[in-house]
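Undergrad: Here it is, the structure, as structure tokens.
The values are calculated or read from the model by the stated rules, or taken from the named source; none is laboratory data. Since we're looking at a predicted model, the values are computed, not measured. As a convention, Cβ positions derive from the backbone with ideal geometry for all residues, glycine included, and neighbour counts pool all protein chains shown. These accessible areas exclude ligands, DNA and RNA; they are computed on the full protein's heavy atoms, side chains included. Shrake-Rupley method; radii C 1.70, N 1.55, O 1.52, S 1.80 Å.
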Amino acid sequence: MVTTYQTDYPMAAKVYFTRDISPAGLMRVYKALGARPQGKVAVKLSSGEGGNSHYLQPSLIADLVHELDGTIVECNTAYPGTRNTSEHHWQTIREHGFTDIAPCDIQDEEGEITIPVAGGRRITGDIVGSHFPNYDYYAVLSHFKGHAMGGFGGALKNISIGMASSNGKRRLHSGGDKILNNPFSGDQDAFLEAMAEAATAVFDALKGNMLFINVMNNLSVDCDCDGNASAPCMHDIGVFGSLDPVAVDQACVDRIYTADEDNAAMVERIESRHGIHTIEHAVEMDLGSREYQLVDLDQR
């Protein structure tokens with residue numbers, strides 16, 4: 001039996017939703033959030049591995065990035081590919097069109113820093129790019145999809161693995177403070193819990209000055225970090241937004257499970273990797289709530 005966490009409880013986290021996957025749809029969700037970003041704004045997204053075309057397209061996000069007067073930020077990867085060095089990553093960022101719409105910043109290009117993890121059982125610190133503190137507010141734009149190791153990738157992955165430097169990514173995949181020689185061979189639940197703890201560290205460091213928008217399109221079982229990702233296996237669903245990263249990811253997972261058709265591959269990917277455990281541990285870390293009130297903007 002599928003358990004969903006949508007509720008009518010008025011104090012539950014609000015998650016705003018539209019089926020309109022377009023620049024206007026993203027803007028509508030952003031406006032509904034009522035966020036008031038102050039200071040220098042970073043827009044965290046995945047620039048997409050070379051060969052992948054499922055990442056959020058510049059044409060989709062440009063209006064929102066301009067509204068935020070944001071700088072697109074990323075970090076280098078921890079595996080061979082088209083984004084594992086700053087030189088290669090800049091080339092990919094340009095080829096994927098992001099420099100055409102906004103300033104961009106590879107946050108670990110000039111080094112890394114460690115931010116504390118309060119109350120974690122896997123990691124005591126999260127290694128992020130040295131440019132991380134240069135921004136006052138983070139707008140997190142995530143392409144929600146499957147993931148070969150995490151089961152799914154949304155807001156929590158984007159601010160944990162996505163915000164970590166190359167070394168930080170190796171630490172999280174190792175599932176603890178000690179970085180393994182082969183970090184991708186670590187204990188699965190330890191890895192998922194380390195992700196939740198890193199996401200909490202980022203949120204705490206920013207004192208909650210963040211917003212989260214997940215786009216459910218091009219729903220492949222594979223991540224945008226895969227240069228040879230499987231083709232989308234589900235119909236497009238829509239755009240979700242919240243000030244709570246746990247609630248917005250839970251809402252997207254619920255939509256996978258309650259889909260009337262074509263969800264089998266996505267469900268298998270999430271369950272075979274125990275993906276929901278990232279959300280479970282994020283709740284244990286007091287990062288957010290699984291219970292949410294869904295506000296359907298298309299019915300207003």
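Undergrad: About the Cα centre of region 167-268, how large is the charge dipole given +1 on each Lys and Arg Cβ and -1 on each Asp and Glu Cβ? Please answer in debye to the nearest 20.
TA: 560
Undergrad: Which one, Val246, Met234, Asn218, is farthest towards the positive end of the dipole of the chain when Lys and Arg carry +1 and Asp and Glu -1 on their Cβ?
TA: Highest projection toward the positive end goes to Val246.
Undergrad: Take the solvent-accessible surface of the protein heavy atoms, probe 1.4 Å, and return the percent of it on the chain that carbon and sulfur atoms account for.
TA: Within the chain, the accessible surface is 46 percent carbon and sulfur.
Undergrad: Using a 1.4 Å probe and counting only protein heavy atoms, arrange Arg255, Arg28 so the residue with the most accessible area comes first.
TA: Of Arg255, Arg28, the descending order of accessible area is Arg28, Arg255.
Undergrad: Collect residues whose amide H, placed 1.01 Å from N in the peptide plane, falls under 5 Å from the amide H of Gly125; neighbours closer than 5 in sequence don't count.
TA: Result for Gly125 returns Val117.
Undergrad: Right, another one. Can you tell which of Asp262, Asp226, Asp108 shows the greatest fluctuation in a Gaussian network model of the chain with Cα springs below 10 Å?
TA: So, out of Asp262, Asp226, Asp108, the one fluctuating most is Asp262.
Undergrad: Quick one: what are the phi-derived ³J(HN,Hα) couplings along region 239-255, Karplus 6.51/-1.76/1.60 with θ = phi - 60°, whole Hz, x for glycine and proline?
TA: These are the phi-based 3J(HN,Hα) values: 10, 10, x, 7, 8, 10, x, 5, 4, 5, 5, 4, 4, 5, 4, 4, 5 Hz.
Undergrad: Nearest 20 debye, what's the magnitude of the dipole of the chain about its Cα centre given +1 on Lys and Arg Cβ and -1 on Asp and Glu Cβ?
TA: Details: 23 positive and 41 negative charges, 65 e Å.
Dipole of the chain, to the nearest 20 debye: 320 debye.
Undergrad: Then there is this: Dipole of region 89-188 (Lys/Arg Cβ +1, Asp/Glu Cβ -1, origin at the Cα centre): which of Gln107, Tyr135, Ile161 lies farthest to the positive side?
TA: The one lying farthest along the dipole's positive direction is Ile161.
Undergrad: Suppose R0 equals 35 Å. What FRET efficiency, 1/(1 + (r/R0)^6) with r the Cβ-Cβ distance, do Ala231 and Leu180 give to the nearest 0.05? Present the calculation step by step, with values, prior to reporting the outcome.
TA: Values: r = 32 Å, r/R0 = 0.92.
E between Ala231 and Leu180, to the nearest 0.05, is 0.60.
Undergrad: Go through region 95-159 and name the GluC sites (Glu not before Pro) that are in a DSSP coil and have 16 or fewer other Cβ atoms within 10 Å of their Cβ.
TA: Qualifying residues, ordered by number: Glu110.
Undergrad: Still on this structure, I have one more. Give me the Debye-computed log₁₀ of I(q)/I(0) at q = 0.15, 0.26 Å⁻¹ for region 252-300, equal point scatterers on Cα only, no solvent, two decimals.
TA: Here log10 of I(q) over I(0) equals -0.55, -1.02.
Undergrad: Here's another thing I want to ask about it. Averaged across orientations, what area in nm² does the convex hull of the alpha carbons in region 66-133 project?
TA: 5.9
Undergrad: Over 32 Å between Cα atoms, which of Lys14/Lys178; Lys145/Lys207; Lys178/Lys207 qualify? Intermediate results must be reported in sequence, preceding the final value.
TA: Numbers: Lys14/Lys178 37 Å; Lys145/Lys207 27 Å; Lys178/Lys207 27 Å.
Pairs exceeding the cut-off: Lys14/Lys178.
Undergrad: Assuming a ≥ b ≥ c are the square roots of the Cα gyration tensor eigenvalues, decide whether region 1-93 counts as rounded (a/c under 1.5), prolate (otherwise, with a/b larger than b/c) or oblate.
TA: Prolate, because a/c is 1.5 or more and a/b exceeds b/c.
Undergrad: Same structure, new question: Pick out, from Gln91, Gly50, Gly81, the residue whose Cα sits farthest towards the positive end of the charge dipole of region 43-101, with +1 on the Cβ of Lys and Arg and -1 on the Cβ of Asp and Glu.
TA: The listed residue farthest towards the positive side: Gly81.
Undergrad: Further question on the same structure: For n ≥ 4 DSSP H runs only, could you compute -39500 (n - 2.57) per run for the chain, divide by its residues and tell me the 222 nm figure to the nearest 500?
TA: Per the formula, -9500 deg cm²/dmol.
Undergrad: Taking N as the number of residues in the chain, what is its Cα Rg relative to 2.2 N^0.38 Å?
TA: My calculation over the Cα atoms of the chain gives 0.90.
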